[in-house]
1. Kindly evaluate GLY240 against the criterion of being surrounded by fewer than 19 Cβ atoms within 10 Å (Cβ to Cβ) and either within 24 Å of GLY108 (Cα to Cα) or small (Gly, Ala, Ser) (or both).
2. When you scan region 70-90, how many residues do you find that are part of a helix (DSSP H, G or I) and either buried (at least 19 other Cβ atoms within 10 Å of the Cβ) or among the aromatic types (Phe, Trp, Tyr) (or both)?
3. When you go through (1) at pLDDT 85 or above; (2) surrounded by fewer than 19 Cβ atoms within 10 Å (Cβ to Cβ); (3) among the acidic types (Asp, Glu) one by one for ASP140, which number turns out not to apply?
4. Scanning for something at pLDDT 95 or above, on the phi < 0 side of the Ramachandran plot and not assigned by TED's automatic domain parsing to the domain that holds ARG60, does region 119-134 turn up at least one residue?
5. Which residue is farthest from SER84 (Cα to Cα), if the candidates are limited to region 48-67 and must be of a type in the set (Ser, Thr, Tyr) and part of a strand (DSSP E or B)?
6. Scanning for something in a loop (DSSP other than H, G, I, E, B) and crowded, with 18+ Cβ neighbours inside 10 Å, does region 111-120 turn up at least one residue?
7. Against the definition (in a strand (DSSP E or B), assigned by TED's automatic domain parsing to the domain that holds GLU133 and under 18 Å from LEU120 (Cβ atoms)), how does ILE172 come out, yes or no?
8. Give just the number: which of (1) on the phi < 0 side of the Ramachandran plot; (2) without any contact (Cβ under 8 Å) to a residue 24 or more places away in the chain does PHE242 not satisfy?
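The values are calculated or read from the model by the stated rules, or taken from the named source; none is laboratory data. In this text the structure is predicted, and so the values were computed from the model without any measurement. When we count neighbours, we look across all protein chains shown, and the Cβ atoms used for this are built from the backbone with ideal geometry, even at glycine.
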Amino acid sequence: MIAFQLSRRTWIAASLVFTLALIALMPMRFLLSTTIPNSSAIAASGASGSIWAGRIFDMRAGSVSIGTIDAGLRPFALLTGDYSFAFSQPNATGAPLLRGRITKSFGGVSVEQLNGPILLGELLPGMSAVRLEFEDLSVDLSDGRCRTASGSVRSRPDSQIFAILGIGDGLIGRARCDKGDLLLPMASGSGMERLELRVFSGGTYNAKLVLQQPAAELVPLLNQAGLTPVAGAYRLSAKGKFW
């Protein structure tokens, strides 16, 4: 019987290779089950593939439905001690609907280069849905508070009021941080219609719609929709919670 005696260096090398192999073959569903606690606002119905090229099904962030996304761990970010995932939302044409990156570092969490649409529920009373379209949106959070924010956002509310006003292009603005909150101020081309969405650190939000000097024939519809007259304008506000 032949006995093999391995040196300490060989044992270390073999252990390293074994560990790297486990990481390389780690399934996405295992990573989700170990990194997302049951109390988290992030949830998904399942996952397939590896952590480098996987798919997450029916993903939600609180009340916001994201849907199925393809995601993969970015290996070079690991060299700096960060966990960074690139993700994209597939569709029938092959072009991603929603894409971007999420990075977790010692300093906080950041969303980087977010592009594409997210459909929100009833952000304001009387609006069955609001579609937000992001372009190169980046937000850096520390302890839940907004440190930096950039990029543009466009809102397309599903509302009879906006259909009558003829605002086909929606309301557009640029993201910024304000007193630790993420602020998304959006306005029409004329500036007469404005929608402001403020997201607080705990996942709650304030939404405010202001219509300046609306036409007289619109007033009954605005009253019916719950807008109240304020100094030459009509306003509608609401509070809610995303996660």
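1. Values: surrounded by fewer than 19 Cβ atoms within 10 Å (Cβ to Cβ): yes; either within 24 Å of GLY108 (Cα to Cα) or small (Gly, Ala, Ser) (or both): yes.
Yes: the conditions hold for GLY240.
2. Going residue by residue through region 70-90, those that are part of a helix (DSSP H, G or I) are 75-80.
In the following step, the residues that additionally are either buried (at least 19 other Cβ atoms within 10 Å of the Cβ) or among the aromatic types (Phe, Trp, Tyr) (or both) were identified as 76.
Qualifying residue count, region 70-90: 1.
3. Going through the list (1) at pLDDT 85 or above; (2) surrounded by fewer than 19 Cβ atoms within 10 Å (Cβ to Cβ); (3) among the acidic types (Asp, Glu), ASP140 breaks only (2).
4. From region 119-134, those at pLDDT 95 or above are 134; that's our starting set.
Narrowing the set further to residues that are on the phi < 0 side of the Ramachandran plot leaves 134.
Now narrow it down to the ones that are not assigned by TED's automatic domain parsing to the domain that holds ARG60: 134.
Yes, region 119-134 contains at least one residue that is at pLDDT 95 or above, on the phi < 0 side of the Ramachandran plot and not assigned by TED's automatic domain parsing to the domain that holds ARG60.
5. Our first condition is that a residue be of a type in the set (Ser, Thr, Tyr); within region 48-67, this holds for 48, 50, 63, 65.
Now narrow it down to the ones that are part of a strand (DSSP E or B): 48, 50, 65.
Details: SER48: 18, SER50: 15, SER65: 21 Å.
Filtering region 48-67 for residues that are of a type in the set (Ser, Thr, Tyr) and part of a strand (DSSP E or B), the one farthest from SER84 (Cα to Cα) comes out as SER65.
6. From region 111-120, those in a loop (DSSP other than H, G, I, E, B) are none; that's our starting set.
No: region 111-120 contains no residue that is in a loop (DSSP other than H, G, I, E, B) and crowded, with 18+ Cβ neighbours inside 10 Å.
7. On the way: in a strand (DSSP E or B): yes; assigned by TED's automatic domain parsing to the domain that holds GLU133: yes; under 18 Å from LEU120 (Cβ atoms): yes.
So ILE172 passes the test.
8. Checking PHE242 against (1) on the phi < 0 side of the Ramachandran plot; (2) without any contact (Cβ under 8 Å) to a residue 24 or more places away in the chain, the one that fails is (2).
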